[in-house]
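Some notes on the structure that comes next.
The values are calculated or read from the model by the stated rules, or taken from the named source; none is laboratory data. All values derive from a computational prediction rather than experimental measurement. Every residue, glycine as well, gets a Cβ built from its backbone with ideal geometry; the counts of neighbours run over all protein chains shown. The protein model used for the area step is the full one, side chains on, heavy atoms only, and it has no ligands, DNA or RNA in it. Shrake-Rupley method; radii C 1.70, N 1.55, O 1.52, S 1.80 Å.
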Amino acid sequence: EAKDAPPRHQVAEVQSLDDLPAERQLPAGGRTTVRIQFSTLNYKDGMVLQGQPGVAKSFPIVPGIDFVGTVEACEAGKWQPGQQVLLTGNYAGQHIHGAYAELCRVPAEWLVPKPDSLSPEETMLIGTAGFTAMQSIIWLERAGKLKPDSTLLVTGASGGVGSTAVAIAHHLGYKNIVASTGRVEENQELLRKLGATEVIGRLEAGRPLDAERYDAAIDTVGGSTLAAVLSQLKYGGAVACSGVAGGPKLPAS
């Protein structure tokens, strides 16, 4: 930038959330203000922190798609001050300011009460990654594609969703869990401790139809990896897909 060029972003001092620009405020009626205790660091947050496109609706924005905290005020009356609540996903840190702050304001319907059985820290150890991993397994089970002797493939197994999916599947008693990662040497021991029976490298797209290897799969990568998963899926199998770290395109026939 030229020496005399104005800064691209300016820091404004505000005394309350009501002083924020109007485009960052939510519609009146259901706004709930939460004092943040803990948040998480997700792939989406990393993209926003680096200024990458595809996640945030506009910049500047405060990242943080997950949080647990204590209600300060709720216009709709759904939540009471002092009540502990949490949020996973939705549009926090993407369309509106997120949880990397002392206070966060979101629609009341986005929140759920913190389970009594979990500490605030534990809820964020699970976070969106754990929630997504569990949902993936639930939907594969509902589709009837996971049996005790099924061969389950998990891609992106070194990441949050992938590693949690491996651990949950093992805990549920599945015996044949194949973990695929681009960091085999670095994470093989950890993935086996989590429950993987086999650890393989990153899958790359090849032939439209390859040898049938897997009854079901949890794909957290997308792109050419998902194409490779589909080509190696057994007839009638199913894939639970989340994430597009490998790109938004699907190079498959």
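Figure the gain on full extension for residue 209 and residue 134 (residue separation times 0.36 nm, minus the Cα-Cα span) and round it to one decimal in nm.
Stretched fully, the residue 209-residue 134 segment lengthens by 24.1 nm.
Helix 184-194 against the longest principal axis of the chain: what's the angle in degrees, Cα atoms only, rounded to the nearest 10?
90
For an R0 of 22 angstrom, estimate the FRET efficiency from the Cβ-Cβ distance between residue 35 and residue 122 and round to the nearest 0.05.
0.75
Leaving out ligands and nucleic acids, note down the accessible area per residue over the chain with a 1.4 angstrom probe, in whole Å².
56
In region 152-253, what percent of the accessible surface is made up of carbon and sulfur (1.4 Å probe, ligands and nucleic acids excluded)?
C and S fraction of accessible area: 52 percent.
Length gain on complete extension for the stretch residue 83 to residue 141, per 0.36 nm per residue less the alpha carbon to alpha carbon distance?
Using 0.36 nm per residue and subtracting the Cα-Cα distance, I get 17.5 nm.
So for the chain: antiparallel DSSP bridges make up what percent, rounded to the nearest 5?
Here the share of antiparallel DSSP bridges comes out near 55 percent.
Could you grab the relative contact order for the chain? Cα pairs under 8 Å, six or more apart, rounded to a whole percent. Don't jump to the answer; show the numbers that get you there.
Working: 522 pairs, mean separation 34.3, N = 253.
Contact order relative to length: 14 percent.
Give the calculated FRET efficiency between residue 149 and residue 109 to the nearest 0.05, with a Förster radius of 51 Å applied to their Cβ-Cβ distance.
Values: r = 41 Å, r/R0 = 0.81.
So, using R0 = 51 Å, E works out to roughly 0.80.
For region 211-253, run through the trypsin sites (Lys or Arg not before Pro) and keep only the ones in DSSP coil with at most 13 other Cβ atoms within 10 Å of their Cβ.
On the way: sites: 213, 234, 249; in loops: 213, 249.
For trypsin sites (Lys or Arg not before Pro) across region 211-253 that sit outside H, G, I, E and B with at most 13 neighbouring Cβ atoms in 10 Å, the list reads 249.
For region 142-237, give the magnitude of the charge dipole about the Cα centre (Cβ charges: +1 Lys/Arg, -1 Asp/Glu; no others), in debye to the nearest 20.
Values: 11 positive and 10 negative charges, 55 e Å.
Computed charge dipole of region 142-237: roughly 260 debye.
Cα axis of helix 120-142 to longest principal axis of the chain: angle in degrees, 0 to 90, nearest 10?
40
In a Gaussian network model over the chain where Cα atoms closer than 10 Å are linked, find which of 154, 34, 55 has the largest mean-square fluctuation.
55
How large, in percent, is the carbon and sulfur part of the accessible surface of region 51-146 at a probe radius of 1.4 Å?
55
Using the alpha-carbon atoms, what tilt in degrees (0 to 90, nearest 10) does helix 160-171 show relative to the longest principal axis of the chain?
The two axes meet at around 50 degrees.
Report the gain in length on full extension from residue 91 to residue 76: 0.36 nm times residue separation, minus Cα-Cα distance, nm rounded to one decimal.
Numbers: separation 15, 0.36 × 15 = 5.40 nm, distance 1.94 nm.
Extending this stretch completely gives an extra 3.5 nm.
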